[in-house]
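Shown next, in structure tokens, is the structure this report addresses.
The values are calculated or read from the model by the stated rules, or taken from the named source; none is laboratory data. This one's a predicted model, so the numbers in the text were calculated from it and none came from an experiment. When we count neighbours, we look across all protein chains shown, and the Cβ atoms used for this are built from the backbone with ideal geometry, even at glycine. Calculation scope for accessible area: heavy atoms of the full protein, side chains included, ligands and nucleic acids excluded. Shrake-Rupley method; radii C 1.70, N 1.55, O 1.52, S 1.80 Å.
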Amino acid sequence: MKNFSGEMSVKRRGFLKGSLAATAAAAIAPSLLAAQAEGSKPDVWVIHGKDKEKLMAKCLEIIKSQGGFGKNIKTLALKINAAWAREPETGANTDPVLVSAFLAGVKKMGITDILMPENSCASPKESFTKSGIEEAAKANGVKMIDLKTKGDHFRKVKIPGGESLKDVEVAKYFMDSDAVVNMPVAKHHGGAKLSMAMKNWMGAVKDRGYWHRNNLHQCIADFAEFMKPTWTIIDATKTMMANGPQGPSKNMKYPDLLILSKNQVAADAWASTLFHDSPDNVLYIKLAARKGLGPSRLEDMNIHKIEG
Amino acid sequence: MVSRTVGKIRLLTRLFCLVLFTGFLLAASLPQLSRILPQSGVFALTASFISEKNISFPALWLILPGLFILAAVLRGRVFCLWVCPMGTLFSAASKYSLKWQLLRWNIAGTVFWAGIFSSILSVPVFLFADPLSQFTRLGLPLNGLLIPATFIPLAFSLALLLLHFIQPMIWCSKLCPLGYLAKFLKRDKTRLLSKFAKERRELIGGIVVGIPLALCAKKLGTFQRDKSAGKYPLLPPGAVRTQRFSALCMRCYACIKVCPSGILTAKFPHNADAGSWFAPEMDADKGACGQYCVECNRVCPTGAINFLEEKAKQSLQIGVAHVRRGACLAWTDKEYCMVCHEYCPFGAIDIDESPDGIPRPVVKEELCRGCGACQYACPAKRDGKAIIINGVERQNFLHAG
């Protein structure tokens, strides 16, 4: 919990600000407690299969065997990618079948209070319906939270060790829930090269524009220091290889994979190899690894290839 | 004079109509109602007919004006005395009037013909001179449409109301072109000839006022257009072109009200023909026109915004994006940005890679629909938005891509 001790020992001048941020940060402590211990090699499960429901069932089985989402978990905030008004087959958003299977599985595990906040890029109404994710949520009795609607959605937090991103307004649901799960889709991205787990957090903040103006890759890596989800599940059942992040693209691949890890840098690094020779080709992975947030080299992770 | 009983019935009818109309105003957030409401304005439709020869809207929409015309032919100003909500308000105010004579002459005929002749030149005077058009737009600020343009009918109506505390019935008896029309339509065979003599004077008066007025307005328009040569306002999809749109649009702002993205707005006159003053237009700083959205097309009561199928809308080019390289984070600040590329629903932004590997945006004009997604999302701040949408002279369906 290096970041918290750093946070607590603020200088007097920054004390007020710092204590505010620390209070905010303390709220996410439960989700962070479950994060990877530093030093050891993080596990990455690469689950292969054509049937998305079976794939997610296998994924949840592994999660359960690894301590689930933690002890005494009552609320879970799920960050999907429902940013674009695109049909599921485009691969612009997280696959709704996976979302539905995940929600059903989590409910079976006894967690009934699930929140799905999203700050979409295209019109929220069009994005949530075209992506099929709103329907998947509804089918499981979960309501999506449209972060674009008026209301008190965000809370300002300090980013520990942030180089470009020093403070940011984050959707409070991710800080107030007992567990946080990031379930992005892996795809090509015109600005960031690839969009996977760490990039997906841009849909949880209020002002994305700031990231674009102030060294996008550094901001993505900085935010990963603050937001460490309990689990990261990358949807790589189909990957948009060009024209991302919105598509549609004719250049599609179907790896039929889910990438699961407690460490989002490791998950991103593995997923990036579906697109590029080396994870280091994606600057924010390299920067996050340099910050000690996780490994960018495959030999620094325990990779478990599983047939789902 | 009417008998006391008829007088009472009439008062009740007028109050009922006033309440009904006011109810419509308050309920105008419902697209269906906001579509019915402005139809009761005869002039907006008349003006549209004359200036653009538009018969595209269904005949159903002509029922209310049709009733007005029928009543006028048979009974003259029966509408004014029994229905008109403005008339009811004004006669109430007139009861407490100072009874000063501000305006001695009845110039309603001149106002009417000036309106007709300026409509022929596509300057919609009736938008401001039609009491119903004013009344139907009174409730816009109450409906949460807090743009300056929506306060004009409110201010106009309030000013007229105040005027009635000075001179009784000044609007209804001296100015109202709608009342003039009702009187004009009532055909009285016995006095046909003498009536024509008076009407001819009014008609000539209308030509003398209306044509120069319209020409001046047009001249002003051309003068302003010179300053912004080749620039066209960004119009809602289906508006086709500026002149057609502003002539058909009755400024009911149902489209602005219903627009889910907030891109539709009405601005104070700028760089435009007087005929298009206060017409709705798009401001991509405020939102992006939804790829699958046809809400404004559904609610427009006059056909100023054509009905479009979702598919047709997607291939309609309403504007073209333009990159301002000096303001661009990628071109000038060497940032990894490409937000415009990211947000473009139509793949109309190409990536041009700089020697140091930074992607920079270039617009593929043949694919750009002008939806404004790029402008709305553009994060550049220092010199304003680095990508902006320019309206096109005429909206066209793209066949490529």
Using mean Cβ contacts within 10 Å as the protection proxy, how do A:75-86, B:202-213, A:144-155 order, highest first?
A:75-86, B:202-213, A:144-155
Per-residue mean of C-beta atoms belonging to partner chains within 10 Å, peptide A:239-246
2
Spelling out what I want: for every residue of region A:144-156, take phi, set θ = phi - 60°, compute 6.51 cos²θ - 1.76 cosθ + 1.60 (Karplus), and round to whole Hz; glycine and proline get x.
7, 10, 7, 6, 7, 6, 5, x, 8, 8, 10, 9, 7
Pull up all non-local amide H partners of B:GLN317: gap of 5 or more, or a different chain, and H-to-H distance under 5 Å with H placed in the peptide plane.
B:ASN396, B:PHE397, B:LEU398
Could you give the alpha-carbon Rg of region A:119-203 over 2.2 N^0.38 Å, rounded to two decimals?
1.21
Accessible area buried between chains A and B, both sides summed, probe 1.4 Å, in Å² to nearest 100
1800
Computed FRET efficiency, Cβ-Cβ of B:GLU393 and A:LYS50, R0 60 Å: what is it to the nearest 0.05?
0.70
Projected area averaged over all directions for the convex hull of the alpha carbon atoms of region B:242-397, nm², comes out at 9.1
Step through the residues of region B:176-186 one at a time and calculate ³J(HN,Hα) from phi using the Karplus curve (6.51 cos²θ - 1.76 cosθ + 1.60, θ = phi - 60°), rounding each to whole Hz and writing x for Gly and Pro.
5, x, 5, x, 4, 4, 4, 5, 5, 6, 5
Where in region A:232-264 are there trypsin sites (Lys or Arg not before Pro) that are in a DSSP coil and have at most 13 other Cβ atoms within 10 angstrom of their Cβ?
A:LYS250
Can you run phi through the Karplus equation (6.51, -1.76, 1.60; θ = phi - 60°) for region A:117-126 and list ³J(HN,Hα) in whole Hz, with x for Gly and Pro?
x, 8, 9, 5, 8, 7, 3, x, 4, 5
What is the antiparallel percent of DSSP beta bridges lying wholly in region B:242-397, to the nearest 5?
95
Shielding score for B:290-303, defined as the mean number of other chain Cβ atoms within 10 Å
2
Modelled FRET efficiency - R0 41 Å, B:LEU98 with B:ILE63, Cβ distances, 0.05 increments:
0.50
Classify region A:187-259 as rounded, prolate or oblate, taking a ≥ b ≥ c as the square roots of the eigenvalues of its Cα gyration tensor: rounded when a/c is under 1.5, otherwise prolate if a/b is larger than b/c and oblate if not.
oblate
Rounded, prolate or oblate: which fits region A:42-307 when a ≥ b ≥ c are the square roots of the eigenvalues of the alpha-carbon gyration tensor, with rounded for a/c under 1.5 and prolate only if a/b beats b/c?
rounded
Cα-based helix-to-principal-axis angle, A:15-27 vs chain A, degrees rounded to 10
30
Roughly how crowded by other chains is peptide B:332-340, in terms of the mean Cβ count from those chains within 10 Å of each of its Cβ atoms?
6
Using just the helices of chain A, give the 222 nm mean residue ellipticity in deg cm²/dmol: DSSP H runs with n ≥ 4 each add -39,500 (n - 2.57), and the total is spread over all residues, rounded to 500.
-9500 deg cm²/dmol
